[in-house]
Amino acid sequence: MARQILIAGNWKMNKGAADGAQLIKDIKAQIGCGCCCGGKSPEVLVCPPFTTLSAVLAEAKGSCLQVGAQNIHWAEQGAFTGEISGAMLKECGVTHVIIGHSERRQYFGETDATVNQRLKAALKNGLTAVVCVGETLAERMAGTTNAVVERQLRGALADISADGMKQVVIAYEPVWAIGTGQVASDEQAQEVHAFIRGLFKTMFSCPSVADNTRILYGGSMNATNAGGLLAQPDIDGGLIGGASLKPADFAAIIKTATKA
Ligand code: 13P
């Protein structure tokens, strides 16, 4: 089964409700009808901040754009100030959630264990999780990229079954490429994606996990470099930060993915 490309925008802490709705209008105008609907077209996802979700869901309704959140707590409810539960996200109407982004690991104490707890909550609530992994520059320079990515994946995916993996998308995001303009080369990215796919062959006895799990690349992906990255055999889409906030750039990546 061919893996359908997924082009996902991570808006991070950008765009309030009014600006977010306008961005969706602009993206829809740029991609036109049919660009991401059916056939060999990519799936398209946008992940705005929590307070922007309702406005974006309303504006995306009836279009091919899917909407996700940027975090989820593992408890259903309770004394967890500042957190959002899976039930709340479901009620809001989102279908996806990003988990374990390096900015959360770096600034908010996210660990492989909490990524695993959040992932279990996402799956329990029927959400598709985009689980992020990736090495820092120091780790790459030390030659430990694969070891770091393997540790992150084994931690994040602990106790997750082959069936559960149907709701999981992996995003390989080298930390040194995020927001820096310094994109991984096609070969560097492909090498890690192939490593992840090979790892899944050893982690899951069911071969469909390695064959069917989508692995996105993230880190300074833009309209210019997307073509080369998406042409790699193990790269199944992108998780895009800065360029997803620019309608023309995001649309150009979607169009590139339509041809890939
Ligand atoms: P940039 O595309 O801005 O480098 O961000 C990538 C990212 O962190 C997506 O989650």
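Just one of the listed residues (A194, A158, A248, A184) is among the hydrophobic types (A, V, I, L, M, F, W, C), over 18 Å from V115 (Cβ atoms), assigned to a loop (DSSP other than H, G, I, E, B) and over 15 Å from the mean Cα position of the chain (by Cα), and it is A184.
All conditions but one from (1) in contact with a strand residue (DSSP E or B) (Cβ under 6 Å, 6 or more places away or on another chain); (2) away from the ligand (no atom under 16 Å from the Cβ); (3) touching a residue at least 12 places away in the same chain (Cβ under 8 Å); (4) under 21 Å from R118 (Cα atoms) apply to V56; the one that does not is (4). A171: over 29 Å from G82 (Cα atoms), among the hydrophobic types (A, V, I, L, M, F, W, C) and outside any helix (DSSP H, G or I), yes or no? Criteria not met by A171.
Being surrounded by fewer than 18 Cβ atoms within 10 Å (Cβ to Cβ), aliphatic (A, V, I, L, M), more than 11 Å from the ligand (Cβ to nearest atom) and over 30 Å from A17 (Cβ atoms) narrows it down to one residue among L229, L137, L157; which is it? Step through it out loud before you land on a result.
Working: L229 fails: surrounded by fewer than 18 Cβ atoms within 10 Å (Cβ to Cβ); L157 fails: surrounded by fewer than 18 Cβ atoms within 10 Å (Cβ to Cβ).
Just a single option satisfies the conditions, and that option is L137.
Of the residues making up region 169-180, at least one is aromatic (F, W, Y), within 19 Å of C47 (Cβ to Cβ), within 16 Å of the ligand (Cβ to nearest atom) and at pLDDT 95 or above.
Filtering L23, L127 for residues that are surrounded by 22 or more Cβ atoms within 10 Å (Cβ to Cβ) and out of contact with any strand residue (DSSP E or B) (no Cβ under 6 Å at 6 or more places or on another chain) leaves a single hit, L23. Conditions first: (1) farther than 27 Å from A231 by Cβ; (2) surrounded by 17 or more Cβ atoms within 10 Å (Cβ to Cβ). Q106 passes all but one, so which condition is the exception? Of everything listed in (1) farther than 27 Å from A231 by Cβ; (2) surrounded by 17 or more Cβ atoms within 10 Å (Cβ to Cβ), Q106 misses just condition (2).
Residues that are out of contact with any Asp or Glu (no Cβ under 8 Å at 6 or more places or on another chain) and hydrophobic (A, V, I, L, M, F, W, C) were ranked within region 196-219; the one that is modelled with the lowest pLDDT is C206. Cβ-Cβ distances below 7 Å connect the following pairs, each with a first residue in region 1-26 that is more than 23 Å from C132 (Cβ to Cβ) and acidic (D, E), a second residue that is within 16 Å of the ligand (Cβ to nearest atom) and assigned to a helix (DSSP H, G or I), and a separation of six or more residues or different chains: D26/P247.
Quick grid of which residues meet (1) within 10 Å of the ligand (Cβ to nearest atom); (2) of a type in the set (A, V, I, L, M, F, W, C); (3) buried (at least 24 other Cβ atoms within 10 Å of the Cβ); (4) within 17 Å of V131 (Cα to Cα):
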position: S208; (1), (2), (3), (4): no, no, no, no
position: Y217; (1), (2), (3), (4): yes, no, yes, yes
position: M221; (1), (2), (3), (4): yes, yes, yes, no
position: N225; (1), (2), (3), (4): no, no, no, no
position: G237; (1), (2), (3), (4): no, no, yes, yes
position: L245; (1), (2), (3), (4): yes, yes, no, no
position: A252; (1), (2), (3), (4): no, yes, no, no
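The values are calculated or read from the model by the stated rules, or taken from the named source; none is laboratory data. Since the structure is predicted, the reported quantities are computational estimates derived from the model, not experimental observations. Virtual Cβ from ideal backbone geometry, glycine too; neighbours counted across all protein chains shown.
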